[in-house]
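These notes are about the structure you will find just below.
The values are calculated or read from the model by the stated rules, or taken from the named source; none is laboratory data. Quick caveat: nothing in here was measured; it's all calculated off a predicted structure. Ideal geometry is used to build each Cβ from the backbone, glycine not excepted, and the neighbour counts take in all protein chains shown. Surface areas here come from the heavy atoms of the whole protein model, side chains and all, with no ligands, DNA or RNA. Shrake-Rupley method; radii C 1.70, N 1.55, O 1.52, S 1.80 Å.
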Amino acid sequence: MTYKYQMLPLEKVFRDPVHNYIHVQHQVILDLINSKEVQRLRRIKQLGTTSYTFHGAEHSRFSHSLGVYDITRRICDIFQRNYSKEKYGKDGWDDAHRLVALCAALLHDVGHGPYSHTFEHIFHTDHEALTVAIITSPETEVFQILNNVEAGFPEKVASVITKTYENPQVVQMISSQIDADRMDYLLRDAYYTGTEYGTFDLTRILRVIRPYEGGIAFSMNGMHAVEDYIVSRYQMYVQVYFHPVSRAMEVLLEHLLDRAHELYQEDAEIFTFHSQFLIPFLKQDFSLENYLKLDDGVLNTYFAQWMDEQDLILSDLAYRFLNRKPLKSITVDSSENPLLLEMKTLVEKAGFNPRYYTAINSSYDLPYDLYHPEKGSHRTQIELMQKDGTLIELSKASQLVSALTGQGQGDVRFYYPKEMTQQDSKNSDLFDDYYQAFSKHIRNGALEE
């Protein structure tokens, strides 16, 4: 028996610190929440290494996924109540797309792995492709649940993730420059990091959201609420997501996994007794089943075991990562600055392998940008709907957003062992000349000639 229209006999609610109550009315949504693939997200932090900087940021991708689902549900309710196709014709909302939207919202992050972006970089995984695989692979519980709705339903949900679904309103609900995903993670991350400047008026934004044939727009009289969202996003990236210490911990993690990968090529036996779940990734031959066995706890357990390994670099990096001993950093004008080579040489002379104890890390984000069809991207600009129904792009109506449009925010940093500028007295005599030569190029947290 399929349950395409099967509603729960009594609405299920989840208590949530951001949205108060998250409402579940469909049997398929409750079943997806209880699937092992979605439950795995409880064991993966939403913000990866950020909790080493903001200690409250321990929230999971599971809670974020529920939040995205609930914002999407609220949007669907608003659209159906006020802007249905029956009232607005081709510009209105067809509620037949509701279940696809809700399932896609809940599952949009199901393919994320432990310490997702760092792990992806080292082992060449793709969380979006893995999300699609989890949704469409017959061996997953998620697929079995979706396939019970109707034949081909998993593929419909997956097409929202790949931005090829037939209804652009659904795609933009989940993925655009102001979507349910971003709105939830900004509010949730602000709450758990304790950063008030990351908040914005979600209630007002949902009051002014509008469907139209080409996607989603916002009423002109809600422009200031949208401006507030853009500024909040800007502040969160600059102050939280690009925080130098969080990036320092990411650098440590990347170098730790990179060292393990290198050692595996030299002697695979090292990892057979304590890191078996990671071996398929070390040898670059993994299945979906292998991937779904990984979470933050699995990797952290392996890191604790690596602290006892004979390889001094592996054991030291594992110690530094687990015990929060971040690398220090300074800003540089360019990753091509010739002085960086001298700085790396001094690090090496002081006894550190520069490959694993130095890094150039750049972080940039566009607070808002226009649609550039020539770039072949799926970026959608934010449209405001005027009283006569015509659309105007946000930055043309808002001087504030215009000032931020296309302006990359971020910096380039050089990371190095803190011992280079915070000498241990027992070693200072031995390496003092190198420490002094290193420190003389640092002024006010920046690299100088």
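With a cut-off of at least 1 residues that are touching a Cys at 6+ places or on another chain (Cβ under 8 Å), name the helices (runs of 4 or more DSSP H) lying wholly within the stretch 93-143.
Numbers: elements: 98-107, 116-123, 127-136.
In the stretch 93-143, 98-107 are the helices (runs of 4 or more DSSP H) which contain 1 or more residues that are touching a Cys at 6+ places or on another chain (Cβ under 8 Å).
A quick yes/no check of all residues on (1) surrounded by fewer than 21 Cβ atoms within 10 Å (Cβ to Cβ); (2) over 22 Å from the mean Cα position of the chain (by Cα); (3) of a type in the set (D, E, K, R):
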position	(1), (2), (3)
ILE122	yes, no, no
GLU128	yes, no, yes
ILE135	no, no, no
GLU141	yes, yes, yes
ALA151	yes, yes, no
GLU155	yes, yes, yes
ALA158	no, no, no
GLU166	yes, yes, yes
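Restricting the stretch 28-56 to residues that are over 13 Å from the mean Cα position of the chain (by Cα) and farther than 25 Å from CYS103 by Cα, which is most open to solvent (accessible area, probe 1.4 Å)? Result: HIS55.
Yes/no matrix, rows are residues, columns are (1) free of Cβ contacts under 8 Å to residues at least 24 places away in the same chain; (2) exposed (fewer than 15 other Cβ atoms within 10 Å of the Cβ); (3) over 23 Å from the mean Cα position of the chain (by Cα):
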{"residue": "ILE279", "(1), (2), (3)": "yes, no, yes"}
{"residue": "LYS283", "(1), (2), (3)": "yes, yes, yes"}
{"residue": "GLU289", "(1), (2), (3)": "no, yes, no"}
{"residue": "MET307", "(1), (2), (3)": "yes, no, yes"}
{"residue": "LYS328", "(1), (2), (3)": "no, no, yes"}
{"residue": "THR331", "(1), (2), (3)": "no, yes, yes"}
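Taking the listed residues VAL110, VAL142, the one that is in contact with an Asp or Glu (Cβ under 6 Å, 6 or more places away or on another chain), closer than 26 Å to ILE216 by Cα and of a type in the set (Val, Ile, Thr) is VAL110, with no other qualifying.
For (1) surrounded by 19 or more Cβ atoms within 10 Å (Cβ to Cβ); (2) in contact with an Asp or Glu (Cβ under 7 Å, 6 or more places away or on another chain), each residue gets a yes or a no:
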residue	(1), (2)
GLY214	no, no
ALA217	yes, yes
GLU227	yes, no
ILE230	yes, no
LEU253	yes, no
LEU256	yes, no
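Of the residues making up the stretch 309-326, those that are assigned to a loop (DSSP other than H, G, I, E, B) and either over 24 Å from the mean Cα position of the chain (by Cα) or over 19 Å from PRO244 (Cβ atoms) (or both) are GLU309, GLN310, ASP311. Checked against the criterion of being closer than 30 Å to GLY214 by Cβ and hydroxyl-bearing (Ser, Thr, Tyr), the stretch 323-346 has no qualifying residue. For LYS344, the conditions (1) open to solvent by 60 Å² or more (accessible area, probe 1.4 Å); (2) touching a strand residue (DSSP E or B) at 6+ places or on another chain (Cβ under 6 Å) all hold with the exception of (2).
PHE54 meets the conditions (1) part of a helix (DSSP H, G or I); (2) in contact with a Gly (Cβ under 7 Å, 6 or more places away or on another chain) in every case but one. The failed one is (1). Being without any contact (Cβ under 8 Å) to a residue 12 or more places away in the chain, open to solvent by 20 Å² or more (accessible area, probe 1.4 Å) and touching a helix residue (DSSP H, G or I) at 6+ places or on another chain (Cβ under 9 Å) is true of LYS85.
Going through (1) free of Cβ contacts under 8 Å to residues at least 60 places away in the same chain; (2) of a type in the set (S, T, N, Q); (3) closer than 30 Å to ILE78 by Cα one by one, SER275 falls short only on (3). Only one of the numbered conditions (1) more than 24 Å from GLN46 (Cβ to Cβ); (2) open to solvent by 30 Å² or more (accessible area, probe 1.4 Å) is violated by VAL208, and that is (2).
Might you check whether a residue that is in a helix (DSSP H, G or I), touching a residue at least 12 places away in the same chain (Cβ under 8 Å) and open to solvent by less than 10 Å² (accessible area, probe 1.4 Å) occurs anywhere in the stretch 13-23? So far as the stretch 13-23 goes, no, none of its residues is in a helix (DSSP H, G or I), touching a residue at least 12 places away in the same chain (Cβ under 8 Å) and open to solvent by less than 10 Å² (accessible area, probe 1.4 Å). If I ask for residues that are touching a strand residue (DSSP E or B) at 6+ places or on another chain (Cβ under 9 Å) and more than 12 Å from PHE62 (Cα to Cα), which ones from the stretch 21-38 would you list? Passing the criteria: TYR21, ILE22, HIS23, VAL24, GLN25, HIS26, GLN27, ILE29, LEU30. Within the set ALA190, ALA268, the sole residue that is surrounded by fewer than 19 Cβ atoms within 10 Å (Cβ to Cβ) and over 30 Å from ARG81 (Cα atoms) turns out to be ALA268.
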